Amino acid sequence: MKIKNPNAGPLTNFEVLEFLKSRGAAKDNSRVIAPVAPSEYKVFDYIMETPACRQTKAQINEFMGKCKTYNLAKAEILNIINLAPRALVELDPIIENPEARYGEELEELTVLVSNVFPPPPLAEEENTNNEENGHEEQDQTDES
């Protein structure tokens, strides 16, 4: 791999994910033939479990434009994009001195994040519902 622009700045998880996808990383069986190192697949698998897998470039640009009014540090913006916090308790460790710097505006920031970035998947709830429905269907067939 050739480095085109050293120290260009930190990357969001979305940008890393897009890079790995461009190299051929995927969740399917093509892992064997793709020119992606095992360590890169570990990073790919990790990022696929983060909010980055549901984000788009347009959403990130929209958030960066709208969050300028909050005067956040670059590292704080990067972490908010990567983690997509939806509650004050998730936002607190990302921003330095949040109450002193923002006070009531913190709630507005969480609303902004919720409006711009897609909600987390409800996979756990869906799995629970499917298991419950499966058991009910089995019980009904057993009674017949």
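We did not get these values from a lab; they are worked out from the coordinates using the rules stated. Just so it is clear, the structure is predicted and the values come from calculations on it, not from any experiment. We place every Cβ from the backbone using ideal geometry, glycine too, and count neighbours over all the protein chains shown.
Looking at Pro93, Asn79, Leu106, which one has the Cα that reaches farthest to the positive end of the dipole of region 69-117 (charges on Cβ: Lys, Arg +1; Asp, Glu -1)? Toward the positive end, the furthest listed residue is Asn79.
Annotation for region 3-112: trypsin sites (Lys or Arg not before Pro) lying in DSSP loop with at most 11 further Cβ atoms inside 10 Å of their Cβ are Lys4, Lys27.
Amide H contacts under 5 Å for Ile94: none, restricted to partners 5 or more places along the chain or on a different chain, H placed in the peptide plane at 1.01 Å from N.
The local environment of Phe117, defined by Cβ-Cβ distances under 10 Å, has a net charge of +1 under the rule Lys, Arg +1 and Asp, Glu -1.
A simple count of charges around Val89, restricted to other residues whose Cβ falls under 15 Å of its Cβ and scoring Lys, Arg +1 and Asp, Glu -1, yields -3.
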